[in-house]
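Just below is one structure, and these are the notes that go with it.
The values are calculated or read from the model by the stated rules, or taken from the named source; none is laboratory data. On a predicted model such as this, the values are computed, not experimentally measured, just so you know. Cβ atoms come from the backbone with ideal geometry, glycine included; neighbour counts cover every protein chain shown.
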Amino acid sequence: MVIEDVFLLQYNLLKMARLLLPGLILLGCGALLLNQISTLSYQYLQLLSWLPYLLAGMSLILAVSFNQGRLFLSSINLSALFLLIQTDLQTSLNNPATFVLFSIISLWFPLQQLLIAFYPERGFSWRWAAPRTAIILSGYLLLGLLYQQGVLTSWIVDLPMGLMEQAWSDGLLSQWAMWLFLLVTAFQLVIVYFRATLADAALLTATLGIAVMLLLFHKPYISVVSSSLILMLILVTILFNSYSMAFIDELTGLPGRRALENALNSAGRHYTLAMVDVDHFKKFNDTYGHDVGDQVLRMVASQMKKAARGASVFRYGGEEFTLVFRGKSEAEAFPVAEQVREAVAGYPMHLRDKDRPTDEKQGRRQRNSGQDSDTVQVCISLGLCEKTTEHKDSQAVIKQADESLYKAKQQGRNRTVATHMEANPRPRKAASA
């Protein structure tokens, strides 16, 4: 047992090291770039000064697009810090107001990073992100206004010694700020160890990078270089996370189950979900083979995507699909669900002949000329469920939608059954495949 625990510890530490390695390499490149920055021409330095703004904009847009809520907040935290540095911290720290501002932001940034690190990743929704963004920005905005009004100058006499004394002589971070950064880094290391996600590794690297930046704040262009590299890391992490989450199912081209879970986390409190199952799918596989089964799934996915107006379509797994109607009740979603069912049932599916040419154009001509093999009809059953206060989470909604789907199967298939609607219209009977 002890040996197994040692191996598990080694495995987790190696995994954590692999997650942190890209960020640490990037910070090392920053140190090399900082040493060479004096050799750059004025034009290149001007372009470099605008780079953090460009990277921040790209990070924020992609974080919203790819449901990366915590990386969105970290980009906000870093961008606001950089903007405040560029507007109000371009004078000597011998100025009392500048020194007070520098001391306070040295505490505010790591505190926000700590909060962001503790947030569970629930995707992105404005309901979730707006208040947290407001908290982050309000701190920087208030500090900027107090600095502009000259209020911070009088605060110099009230600063505690922990903020007045430097952690060591060659750095500008105060003792309190250094201890806070170390504490936040320690917590983030624990989080990376247990969660083992690239996003948490990026948050930790951002904390370390800003700590180094504030420590060596006297060096020219250090805020530009550090902010650019950290935002670049966040940007790459967003893209890599989106790829690794496997949003798209290869067979059908629809978003997969993990994308569904991400979407439900940010769907809010009002939505309707439909679980969809292909009727007699096992019969297709047993009669015609798995290749035909794949054809059926692709056709169903295509018809559902065309007919599901106002809904998002996902492949749940196997022959099951899911529809998510954001902001809609069962009564509003039911007609669309019926349109989806009718679109699939009304599609004459031509089975590919074994001797059909592999070339798509020749195969299309053969199908249009009537030389293709049998035509079969495919039907689906749907179970609808609206999220209400009785549901603890999205899994409870899925479970109840599954129960309605089971009722649709019991009632003869090729129909839609809604959980909370008193009467469900009975569809016209379609020929079974």
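Residues checked against (1) surrounded by fewer than 17 Cβ atoms within 10 Å (Cβ to Cβ); (2) free of Cβ contacts under 8 Å to residues at least 12 places away in the same chain; (3) among the aromatic types (Phe, Trp, Tyr):
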{"site": "Gly162", "(1), (2), (3)": "yes, no, no"}
{"site": "Gln166", "(1), (2), (3)": "yes, yes, no"}
{"site": "Leu172", "(1), (2), (3)": "no, no, no"}
{"site": "Leu182", "(1), (2), (3)": "yes, yes, no"}
{"site": "Val190", "(1), (2), (3)": "yes, yes, no"}
{"site": "Leu203", "(1), (2), (3)": "no, no, no"}
{"site": "Thr207", "(1), (2), (3)": "no, no, no"}
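Within the range 94-108, if we keep just the residues that are more than 32 Å from the chain's Cα centre (by Cα) and part of a helix (DSSP H, G or I), the residue that is farthest from Leu141 (Cα to Cα) turns out to be Pro96.
When Leu111 is tested against (1) under 28 Å from the mean Cα position of the chain (by Cα); (2) farther than 26 Å from Val225 by Cα, only condition (2) is not met. Can we say Ser312 is among the polar types (S, T, N, Q) and in the same structural domain as Ser103 (by TED's automatic domain parsing)? Against the criterion (among the polar types (S, T, N, Q) and in the same structural domain as Ser103 (by TED's automatic domain parsing)), Ser312 does not qualify. Of all the residues in the range 116-160, those that are in a helix (DSSP H, G or I), aromatic (Phe, Trp, Tyr), in contact (Cβ under 8 Å) with a residue 60 or more places away in the chain and surrounded by 12 or more Cβ atoms within 10 Å (Cβ to Cβ) number 2. Take the conditions out of contact with any Ser or Thr (no Cβ under 6 Å at 6 or more places or on another chain), modelled with pLDDT under 85, surrounded by 20 or more Cβ atoms within 10 Å (Cβ to Cβ) and in the same structural domain as Gln411 (by TED's automatic domain parsing) and apply them to Phe284. Does it pass? Against the criterion (out of contact with any Ser or Thr (no Cβ under 6 Å at 6 or more places or on another chain), modelled with pLDDT under 85, surrounded by 20 or more Cβ atoms within 10 Å (Cβ to Cβ) and in the same structural domain as Gln411 (by TED's automatic domain parsing)), Phe284 qualifies. Only residues that are more than 26 Å from Pro120 (Cβ to Cβ) and either in contact with a Lys or Arg (Cβ under 6 Å, 6 or more places away or on another chain) or part of a loop (DSSP other than H, G, I, E, B) (or both) were counted in the range 48-93, giving 5.
Using beta carbons and a limit of 9 Å, which pairs, at least six apart or on different chains, have the first residue in the range 385-401 and over 18 Å from Asn262 (Cβ atoms) and modelled with pLDDT of 90 or more and the second one surrounded by fewer than 22 Cβ atoms within 10 Å (Cβ to Cβ) and basic (Lys, Arg)? Once the first residue is over 18 Å from Asn262 (Cβ atoms) and modelled with pLDDT of 90 or more and sits in the range 385-401, its partners that are surrounded by fewer than 22 Cβ atoms within 10 Å (Cβ to Cβ) and basic (Lys, Arg) give Cys385/Lys399; Glu386/Lys328. Here the condition is being of a type in the set (Phe, Trp, Tyr) and surrounded by fewer than 12 Cβ atoms within 10 Å (Cβ to Cβ); of Tyr44, Tyr53, it holds for Tyr44 alone. Of the candidates Ala206, Ala211, Ala177, the single residue that is under 21 Å from the mean Cα position of the chain (by Cα), within 19 Å of Trp108 (Cα to Cα) and in a helix (DSSP H, G or I) is Ala206.
If you check Tyr193 against the conditions, is it under 25 Å from Leu40 (Cα atoms), hydroxyl-bearing (Ser, Thr, Tyr) and assigned by TED's automatic domain parsing to the domain that holds Val100? Working first, answer last.
Numbers: under 25 Å from Leu40 (Cα atoms): no; hydroxyl-bearing (Ser, Thr, Tyr): yes; assigned by TED's automatic domain parsing to the domain that holds Val100: yes.
When the stated conditions are applied, Tyr193 does not pass them.
The range 372-422 holds strands (runs of 3 or more DSSP E) entirely within its bounds, and those carrying 1 or more residues that are more than 34 Å from the chain's Cα centre (by Cα) and surrounded by fewer than 22 Cβ atoms within 10 Å (Cβ to Cβ) map to 375-377.
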